[in-house]
Amino acid sequence: MRLTRRGRTVSWVAGGAAVLVLGVGGVGAWVYKDLDNNITGADVDAKLGGDRPVNLSPGSKNIMVVGSDSRDGANAKYGRDLTTMQSDTLMVLHIPANREWATVVSFPRDSWVEIAACDKGDGSTSSPHQAKINEAFAIGGTSGEVAGAAACSIKTVEANTGLRIDSFMSVDFQGFKGMVDALEGIEVCPEQAIKDKDALLDMKAGCQTVMGETALGYVRTRYAVGDGSDIGRIGRQQEFMEALAAKAKSKLTSPTSLYDFLQSATKSLTTDEDLAGIDPLYDLASELKGIPSDRLTFLTVPNYPREADVPADKANVVWQYPQAADLFTSLAGDKEVDKKQLQARTRKDLVYASTVRVQVLNGTGVTGRAAAVAEKLRKAGFTVVGTGNAPENSDRTTVMYPADLTQHAKVLASRLPDTKAARSADATAGVVTLVVGSDLDLAKLR
């Protein structure tokens, strides 16, 4: 299958195992048990704590998928000076309660977000701080256990999106190569030659079938192709995995090929305990199989270069609000997202956080509350022009704005859980006014 257009099959987000274990019914019972024993189950519940988002749509599922590039064992050659587990790819698959559509959301690994406080597995706990989103996997995986790495990623994704993560899947480098090799490669068509020493990649231009190290290098390479962004790499990864899943469904007809493929897939797979087995993965794949091709949507969290808010940061991206918040709210409410509409809004209504001038007024009666909120807003890129006390205390946090700052107010309000923006004739000209009420949980300010 050539990667010249976006595929229409469920990608690796359903898992190199989840979609592809559909073929396991054709192998013998002893093979079934062998494959079942390959899958590693990780208990993450104890590490997640109780302060988590509520699933607002019972019956729907959010599955976090991580492409892990741990440098242990055979993976050591893929990087130097890496002492913890690494997350190369991060996605969330949303499966609605009615099973009539599905959405895959990719999170750029350079997303600058607040990393949750996490159990590091060595007797210590990390402090909340801002960093690239993939750092969460490394912090939680300090002791080398996938359970801790996944738990920290889940906590961070939940805190920044409001989505309840129900399950997770992690696939490592070696398993990926084995799956591709069992399919005798995947055809790709790069428009220019690609040479990337870090990804162990040296490819000529034009269509060619890639296997093993070359296939892995192709999906990992970043700076050596296109604009060098993680966004471009996400697109290549999604297309490659779509093609891999499609080829597997059409090609794995012989018991030998099927066995080799499923061995690689299951040996490289770690899941939460609820998904740790052929039966639950088969059930998941069966649910996905019935989704119409035109109702499967691949999205990337709306974002822009953080340099627009922090000129010195040329390496990271920040999520674009209110579009990102609207995306998460829709999925939390089990509502299908129109990709074209989201992209149109992302292009048309781009407002950098740094252009939003905010004055913060304390309506809680608690000394220092306005200053604490102002500091967190500054870290998020907003321009805070002043702090003070509100005329009276309030139970509700509110955002007030003059008529010409509607979009700016929406950007601010979307960062505050359950907060609405209201136009006011009394609003101070040129600024958006945030009145901090007693209901505001500072830890949930996005």
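The values are calculated or read from the model by the stated rules, or taken from the named source; none is laboratory data. The shown structure was predicted, so the numbers you read here are calculated from the model rather than taken from an experiment. In this analysis, Cβ positions are derived from the backbone assuming ideal geometry, glycine residues included, and neighbour counts consider all displayed protein chains.
Table for the structure above
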read-out: Strands (runs of 3 or more DSSP E) fully within region 175-292 counting 1 or more residues that are crowded, with 20+ Cβ neighbours inside 10 Å and in contact (Cβ under 8 Å) with a residue 40 or more places away in the chain; value: 186-188, 269-272
read-out: Some residue of region 414-423 being closer than 14 Å to A374 by Cα, assigned to a loop (DSSP other than H, G, I, E, B) and touching a residue at least 60 places away in the same chain (Cβ under 8 Å); value: yes
read-out: Count of residues meeting criterion [more than 15 Å from V411 (Cβ to Cβ) and of a type in the set (A, V, I, L, M)] in region 302-359; value: 9
read-out: T367, sole failed condition from (1) touching an Asp or Glu at 6+ places or on another chain (Cβ under 8 Å); (2) free of Cβ contacts under 8 Å to residues at least 40 places away in the same chain; (3) β-branched (V, I, T); value: (1)
read-out: Cβ-Cβ under 6 Å pairs, at least 6 apart or on other chains, region 48-60 side free of Cβ contacts under 8 Å to residues at least 24 places away in the same chain and under 14 Å from K335 (Cβ atoms), far side hydroxyl-bearing (S, T, Y) and exposed (fewer than 11 other Cβ atoms within 10 Å of the Cβ); value: none
read-out: Any hit, region 208-225, residues being at pLDDT 80 or above, over 30 Å from P302 (Cβ atoms) and touching a strand residue (DSSP E or B) at 6+ places or on another chain (Cβ under 6 Å); value: yes
read-out: Residues within region 309-360 that are touching a residue at least 60 places away in the same chain (Cβ under 8 Å), under 29 Å from G388 (Cβ atoms) and assigned to a helix (DSSP H, G or I), tallied; value: 1
